[in-house]
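Report on the structure given below.
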Amino acid sequence: MTTPRDTLRAELLAVAAAVVPDQQPVVTHDPGPINPGVLFDGRGAATIARITVETGNPTAPDPAAAVTAAAEAFRARGWTATTAPAEDGHYRATATRDGLDVAVHAWATDWRITLTGEAPVS
Amino acid sequence: MSELAERFRANHARLLAARNRLHAAVAAGTATAAERKRLDTLTELLTPVKGTAIDADGKVVEVHRPRQFLELDPEGQGRAVEVLGDLDQARNVAVLVPGMGNSLDTFRGQSDRADLIRAEAGPGTVAIAWLDYASPQGLAAAASKQAALDGGPRLAAFLTELDELTDATTTLVGHSYGSDVVGQALLHGARADRVVLTGSPGIAKYVDEAADIVQPPTRLYVERAPGDYVSYSEWHGPDPATFPDAIRMATNGDDPVSVHWHNEYYRVNSEALRNIGRVVRGDLASITTTDTTRAQETKLAWGTMLNRAAGVAAKVYGGLAPPTQAARPPSAESAARTAGTRPGGAHRPRTSEGPRR
């Protein structure tokens, strides 16, 4: 059975591949279920999974275009996505679908694009 | 080998030795359930982290490196101080201090939250998950300040050490009971460029303004979400969100991700997390603020119930750590003074914290 965590991982990889088609995206963070309230009380239940995928165009980075492309790719896959105004070289988009939340970050000072998502643990 | 690399290597060796010891106990059939759980934890802490780099052909490739522990105690409750990122290259460092109920076996979640802050603050940021104190293992223990009184000087000593390891700008981030540990560290002479407290139960009876714990140019940034009963109860002292000279950051913005209660400050895409990232990277002009009072917040749907819960909690813990001062909403004068002295100049419109959207 496909879990929300599986779905999130697949969606992040698909969108990353759509944003930079000639690069292989990398899952850099997927530690398994975590307790979202751990900073308050670590004894709580692990109810979410967080996954980060990185990609980028090292030779010609364009963070604004990358974030816009990511938002469009999410929309094309049935997500609700928005881009935020740039903040001090920080470009950002958000995407949500079926209880999944994703933040897309790109920066004027780095070639990397990171897609960080959270999914409930089923 | 640099001093830093030697520390990481030594703690890696400590982890390996502890894992091998437990592995042998499991193989011999003598391990307890707690030891088997600890074995899983140590095995996870020994799993390398992944990152990305560029190869000679300009392709993005996956790279692995061991996790970096500055401190590690695999015994008992366990302790760890993990560095996420390259401390030698850091421009900004965030030191995250978690609250009650934590141990080495919950470290995955703390490391994950530190990683979220790092992602939010951007390139050049290192996040450190600091669990080098005896985190209280229950509400009764958390009502006592003892763990914070013991942990504060340790955190202060760590920050002094960090100062010798890096020239980066340092932000202390304390959540819940961890905010008391941060406060005690500051009272013991800890130095940081910026301090963020989220969901704080207070620091001490006599600490009722930021100037009691930080001196210029260090500023205190505070978040209190609507319905945060821990902040409302003021178990350990006056709520820092009411300090007249603190910068009270908004926890909710225009996005659909809302932050309420005590455990949602670090949600992906939340204004609360974004503001923490802004502080850490020094984009202070982009910080959004609020000045809602507890009374305004508790007019929300759950307000009445929360007020009662906070009142009960205050009575339960009143004998142990009675708040000595009623919460004060920031005055117009203090708010103006805060805005006028904010580094970075611009003051974004204050955002009212509305009901869950």
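Read-outs throughout are calculated quantities, based only on the coordinates presented, and are distinct from any laboratory measurement. Quick caveat: nothing in here was measured; it's all calculated off a predicted structure. As a convention, Cβ positions derive from the backbone with ideal geometry for all residues, glycine included, and neighbour counts pool all protein chains shown.
Hey, any hits in region A:3-16 for a residue that's surrounded by fewer than 16 Cβ atoms within 10 Å (Cβ to Cβ) and among the β-branched types (Val, Ile, Thr)? Yes, because at least one residue in region A:3-16 is surrounded by fewer than 16 Cβ atoms within 10 Å (Cβ to Cβ) and among the β-branched types (Val, Ile, Thr). Among the residues of region B:254-272, just one is free of Cβ contacts under 8 Å to residues at least 60 places away in the same chain and among the small types (Gly, Ala, Ser), namely B:SER270. Within region B:78-117, being more than 10 Å from chain A (Cβ to nearest Cβ) and either at positive phi or not hydrophobic (A, V, I, L, M, F, W, C) (or both) holds for B:GLY78, B:ARG79, B:GLU82, B:GLY85, B:ASP86, B:ASP88, B:GLN89, B:ASN92.
All of (1) part of a strand (DSSP E or B); (2) facing another protein chain (nearest Cβ under 10 Å); (3) surrounded by 18 or more Cβ atoms within 10 Å (Cβ to Cβ) hold for A:GLY37 with one exception: (1). Consider region A:49-68 and keep the residues that are surrounded by fewer than 20 Cβ atoms within 10 Å (Cβ to Cβ) and aliphatic (A, V, I, L, M). The one that is farthest from B:GLY174 (Cα to Cα) is A:ALA60.
Residue-wise test of (1) touching a Cys at 6+ places or on another chain (Cβ under 7 Å); (2) within 12 Å of chain A (Cβ to nearest Cβ); (3) buried (at least 24 other Cβ atoms within 10 Å of the Cβ); (4) small (Gly, Ala, Ser).
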site	(1), (2), (3), (4)
B:SER200	no, yes, yes, yes
B:ILE213	no, no, no, no
B:TYR221	no, no, yes, no
B:VAL230	no, yes, yes, no
B:GLU234	no, no, yes, no
B:PRO240	no, no, yes, no
B:PRO244	no, no, no, no
B:ASP255	no, yes, no, no
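For residues that are in contact with a Lys or Arg (Cβ under 9 Å, 6 or more places away or on another chain) and under 13 Å from A:ALA66 (Cα atoms), scanning just region A:104-122, find the one that is surrounded by the fewest Cβ atoms within 10 Å (Cβ to Cβ). Step by step, filter region A:104-122, then rank; the result is A:HIS105. A Cβ distance below 8 Å, combined with a sequence gap of six or more or placement on separate chains, defines the contacts here; from region B:1-20, residues that are within 17 Å of B:ASP40 (Cβ to Cβ) reach residues that are surrounded by fewer than 17 Cβ atoms within 10 Å (Cβ to Cβ) in the pairs B:LEU15/B:LEU46; B:LEU16/B:LEU46; B:ALA18/B:GLU75; B:ARG19/B:THR43; B:ARG19/B:LEU46.
Within region A:66-90, the set of residues being in contact with a strand residue (DSSP E or B) (Cβ under 8 Å, 6 or more places away or on another chain) and on the phi > 0 side of the Ramachandran plot comprises A:GLY78, A:GLY89. Of all the criteria given as (1) assigned to a strand (DSSP E or B); (2) over 26 Å from B:GLY124 (Cα atoms); (3) more than 11 Å from chain B (Cβ to nearest Cβ), the one not satisfied by A:ARG75 is (1). Anything in region B:22-51 that is within 14 Å of another protein chain (Cβ to nearest Cβ) and among the hydroxyl-bearing types (Ser, Thr, Tyr)? List them, or say none. Within region B:22-51, B:THR41, B:THR43, B:THR47 qualify.
Across region A:40-66, the qualifying residues are those that are more than 29 Å from B:ALA129 (Cα to Cα) and not small (Gly, Ala, Ser), and the one among them that is farthest from the other protein chains (Cβ to nearest Cβ) is A:ASP62. The residues listed here are A:THR114, A:THR82; of these, the one that is without any contact (Cβ under 8 Å) to a residue 60 or more places away in the chain, of a type outside the set (A, V, I, L, M, F, W, C) and assigned to a strand (DSSP E or B) is A:THR82.
Across region B:30-50, the qualifying residues are those that are hydroxyl-bearing (Ser, Thr, Tyr) and exposed (fewer than 13 other Cβ atoms within 10 Å of the Cβ), and the one among them that is nearest to B:ASP115 (Cα to Cα) is B:THR47. Mind listing whichever residues of region B:51-80 are among the small types (Gly, Ala, Ser) and either part of a strand (DSSP E or B) or crowded, with 22+ Cβ neighbours inside 10 Å (or both)? Within region B:51-80, B:GLY51, B:ALA53, B:ALA80 qualify.
Within region A:15-31, the residues that satisfy the criterion of being part of a loop (DSSP other than H, G, I, E, B) and within 15 Å of A:GLY117 (Cα to Cα) are A:PRO25, A:ASP30, A:PRO31.
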